[in-house]
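The values are calculated or read from the model by the stated rules, or taken from the named source; none is laboratory data. Treat the numbers as computed from the prediction; the structure is a model and nothing was measured. FYI the Cβ positions are ideal-geometry reconstructions off the backbone, even for glycines, and counts take in every protein chain you see. Note: accessible area is taken over every heavy atom of the protein model, side chains too, but ligands, DNA and RNA are not part of it. Shrake-Rupley method; radii C 1.70, N 1.55, O 1.52, S 1.80 Å.
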Amino acid sequence: MIIQPRTRGFICLTSHPEGTAQNIKNQIEYVKSKGEIANGPKKVLVIGASTGFGIASRISAAFGSGAATIGVFFEKPAAEGKPGTAGWYNTAAFEKEAQEAGLYAKSINGDAFSDEIKKQTIELIKQDLGQVDLVIYSLASPRRTHPKTGVAYASVLKPIDVPFTNKTVDFHTGVVSDITINPIDNEEDISNTVAVMGGEDWKFWMEDLKEAGVLADGAKTVAYSYIGPELTFPIYRNGTIGRAKDDLEGTVPAINALLKDINGISYVSVNKALVTQSSSAIPVVPLYISLLYKVMKEKGIHEGTIEQMQRLFAERLYTADGQVQLDEKGRIRVDDLEMRADVQAEVAALWEQACTENLSEISDIQGYRDEFFNLFGFNFDGIDYNADTNELVNIPSI
């Protein structure tokens, strides 16, 4: 079939198998160009492994340190005449590249919040790898059914105390406008968001993996978070999502206690603002990212997801001296370049100026659009998007 991008708001409804394969190849080539990650992980489980930071983590482990990887995710395969999701195609391309490189790679498709998928994953580790030495937790979902109670929770994206009004942009059209987001209706909005996006499920995974004996001595686990600039605090860090991130970060001591007898340790990595399916849904953030990209590219310090994850592995988690650099709250920071004072000052100045008329000049809105469509396999040079392509792509291990 001929697959063109079809969008609805911040969602792309189609994805292109050849384009997503090119995206994966580009990321692999970047990791390989940086050389081997000394003392890197060798057997890795990535929970939330099909897009964004998850697939970049899997690539960094596999092609940076030769790791065997198991990926868990929830994606839709293609049906005749209907493309699969980008995450499905990403994984198919990754497994193909891994196999050609002689690397073990298998995947499990299903609800990672469920006990059933946890058990299935543990059995696969036992059968094929014995134990894992790194667990990446990179789930991003708007809803969760609690595995113990069966209660279904849905997260909300809202400020907590007062309405939040600020600029935002329709990144498809480049129109800058003001948006007002009303605060939560009740405390349940917070607790529901924490139930979906907080640290409980990460802890459940680590408890089950530990009990099953599939964590190696000295195993590490890392979950991903974000802080961002003050201008996004009302909707992000001080809003409902921020409460969930606080809960995620607050889970570290409990997981550390759980892993103490196997010399294991857990971390939260605070990552840079990037174009992802999740960030595109947050009002204000696309405008901030388009300005941030402009500033960081001009300074020569811009990073995408793969650059972030490769640096996390090579310069934070697996350093030559074994020391992991942490901030005052015990977090790894790979948002350090984004949060540099000079970068934030320039972004803040551009924010005040930003309007529809000057956006293409003072921001990297085109770069934002390109990265958004790249997520779904579009806007890559050398691919004929008017030609027929085979939408029926299988993931080898599924």
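In table form, for the structure just shown:
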| quantity | calculated |
| --- | --- |
| With every protein chain in place, segment 1-154: carbon and sulfur % of accessible area (1.4 Å) | 50 percent |
| Phi to ³J(HN,Hα) by Karplus 6.51 cos²θ - 1.76 cosθ + 1.60 over segment 65-80, Hz, x for Gly, Pro | 9, x, 6, 6, 10, 10, x, 10, 6, 10, 10, 9, x, 6, 10, 4 |
| Extension gain (nm, one decimal) between Leu157 and Asp115, 0.36 nm per residue minus Cα-Cα | 12.4 nm |
| Interchain or long-range residues, amide H under 5 Å from Thr145's placed H | Tyr153 |
| Percent carbon-and-sulfur accessible area, segment 168-263, ignoring ligands, DNA and RNA, probe 1.4 Å | 47 percent |
| Packing-based order for 300-312, 190-202, using average beta carbon neighbours within 10 Å, highest first | 190-202, 300-312 |
| Projected label distance in nm at Asp321 and Ala79, using a 7 Å step from Cα toward the beta-carbon | 5.8 nm |
| Rough spin-label spacing in nm, given labels placed 7 Å along Cα→Cβ, for Glu29 and Ser177 | 4.0 nm |
| Residues Asp336 and Asp381, FRET efficiency given R0 of 30 Å [Cβ-Cβ distance, rounded to 0.05] | 0.45 |
| Listed peptides 229-242, 316-329 by packing density, highest first (mean Cβ within 10 Å) | 229-242, 316-329 |
| Rounded accessible area per residue of segment 321-374, 1.4 Å, Å² | 52 Å² |
| Whole-Hz couplings from phi, Karplus 6.51/-1.76/1.60, listed for segment 324-336; x for Gly and Pro | 10, 6, 10, 7, 5, 9, x, 9, 6, 10, 10, 9, 4 |
| Whole-number Å³ per residue for the convex hull built on Cα positions in segment 200-332 | 131 Å³ |
| Choice from Ser177, Ser269, Ser280 with maximal GNM fluctuation in the chain (Cα, 10 Å cutoff) | Ser177 |
| Accessible surface, per residue, of segment 78-128 when the full set of protein chains is kept, probe 1.4 Å, Å² | 44 Å² |
| Charge tally in the Cβ shell below 12 Å around Gly198, where Lys, Arg are +1 and Asp, Glu are -1, Gly198 excluded | -1 |
| Charge sum, other residues only, whose C-beta stays under 11 Å from Ser177's C-beta, Lys/Arg counted +1 and Asp/Glu -1 | -1 |
| Most positive-pole-ward Cα, Trp351, Gln366, Asn271, against dipole of segment 261-393 from beta carbon charges | Asn271 |
| Backbone N under 14 Å from the Ser141 label point (7 Å along Cα→Cβ), restricted to segment 202-223 | 202-205 |
| Listed residue pairs exceeding 30 Å between alpha carbons, taken from Lys42/Lys82; Lys203/Lys329; Lys42/Lys245; Lys76/Lys118; Lys32/Lys299; Lys82/Lys203 | Lys42/Lys82; Lys82/Lys203 |
| Along principal axes, Cα extents of the chain, largest first, whole Å | 59, 50, 45 |
| Point-to-point label distance, Asn358-Phe204, nm (Cα→Cβ direction, 7 Å offset) | 5.0 nm |
| Long-range amide H partners of Ala67 with built H, under 5 Å | Ala62 |
| Radius 15 Å from Cβ of Ala341, net charge of other residues (Lys, Arg +1; Asp, Glu -1) | -3 |
| Solvent-accessible area per residue for segment 236-275 (1.4 angstrom probe, square angstrom) | 34 Å² |
